[in-house]
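Below is one structure, written out as structure tokens; the observations come after it.
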Amino acid sequence: MKIVLASDHAGYSLKEEIKKHLSQYEVIDCGTSSPSVSVDYPVYAKKAAELVASKEADFGILCCGTGEGIMMAANKVKGIRCGVGYDLEVTKLLRMHNNANMVSFGARFMNVNDVLNRVDAFLSTPFEGGRHQKRIDEVTQIEKENH
Ligand code: RB5
């Protein structure tokens, strides 16, 4: 499984913790590469999201201060379904019900160990399909109508 990571300066340290935690996987790090240089999260969200959308990576994990801005930017890339993993159960549901291919975390509001548990849950939980597929198809239809 290939996983892409990206963050802005606020999410940098959390991204690095996640990278260490995922040493058994093939990881592509799209940056940023320093916590001390202020950068714009859309730049990094786009790089990571395009690798997931093109299927060069299976999943993407994003970090910024809140997890919100980087998630919004990633969701502008066609084919991306990204949510904020604000809780363990919600992170599993992002996979089970929403077939999320990316998840974001907020470094200023989340505990590192909680995030690492959520990362494991995200990567190991399958999509349930069934009634949820119809809803995903409806989301994709909105995307088609607005591109
Ligand atoms: C950067 O200060 C901060 O605005 C950013 O990391 C993120 O929280 C935006 O959603």
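The values are calculated or read from the model by the stated rules, or taken from the named source; none is laboratory data. Predicted model, so just to flag it, every value in this text is computed and none were measured. Here the Cβ is made from the backbone with ideal geometry for all residues, glycine too, and neighbour counts use every protein chain on show. Side chains are part of the model used for accessible areas, which takes the heavy atoms of the whole protein and leaves out ligands, DNA and RNA. Shrake-Rupley method; radii C 1.70, N 1.55, O 1.52, S 1.80 Å.
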Handout entry: Leu62 being crowded, with 17+ Cβ neighbours inside 10 Å and in a strand (DSSP E or B)
Key = yes
Handout entry: Qualifying positions in the stretch 7-17 - part of a loop (DSSP other than H, G, I, E, B) and without any contact (Cβ under 8 Å) to a residue 40 or more places away in the chain
Key = His9
Exercise for the section: Give the stretch 40-59 a look and list any residue that's in a loop (DSSP other than H, G, I, E, B) and open to solvent by 70 Å² or more (accessible area, probe 1.4 Å), or say none. Expected result: Asp40, Lys55, Glu56, Asp58
Handout entry: Output for the stretch 1-39, where each listed residue is open to solvent by 40 Å² or more (accessible area, probe 1.4 Å) and touching an Asp or Glu at 6+ places or on another chain (Cβ under 7 Å)
Key = Met1, Lys2, Lys19
Practice task
Could you list, in sequence order, all residues of the stretch 69-109 that are surrounded by fewer than 17 Cβ atoms within 10 Å (Cβ to Cβ), within 16 Å of the ligand (Cβ to nearest atom) and of a type outside the set (A, V, I, L, M, F, W, C)?
Solution key: Lys76, Arg108
Practice task
Test each condition in (1) touching a His at 6+ places or on another chain (Cβ under 7 Å); (2) farther than 18 Å from Ala10 by Cα; (3) not polar (S, T, N, Q) for Leu116 and report the one that comes out false.
Solution key: (2)
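In the stretch 65-98, how many are hydroxyl-bearing (Ser, Thr, Tyr) and part of a helix (DSSP H, G or I)?
Initially, the stretch 65-98 is screened for residues hydroxyl-bearing (Ser, Thr, Tyr), giving 66, 86, 91.
Applying the additional criterion that residues be part of a helix (DSSP H, G or I) yields 91.
Residues meeting the conditions: 1.
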Completion exercise
Exactly one of Ser38, Ser34 is of a type outside the set (Phe, Trp, Tyr) and over 19 Å from Ala73 (Cα atoms), and that residue is Ser34
Fill in the blank from the handout: Picked from the stretch 18-68 (must be within 16 Å of the ligand (Cβ to nearest atom) and in contact (Cβ under 8 Å) with a residue 60 or more places away in the chain), the residue farthest from the chain's Cα centre (by Cα) is Ile18
Exercise for the section: For residues that are surrounded by fewer than 16 Cβ atoms within 10 Å (Cβ to Cβ), under 16 Å from the mean Cα position of the chain (by Cα) and not in a helix (DSSP H, G or I), tally how many sit in the stretch 110-135. Expected result: 2
Exercise for the section: Quickly run through the stretch 1-15 and pick out the residues that are within 17 Å of Lys47 (Cβ to Cβ), within 16 Å of the ligand (Cβ to nearest atom) and not hydrophobic (A, V, I, L, M, F, W, C). Expected result: Ser7, Asp8, His9, Gly11, Tyr12, Lys15
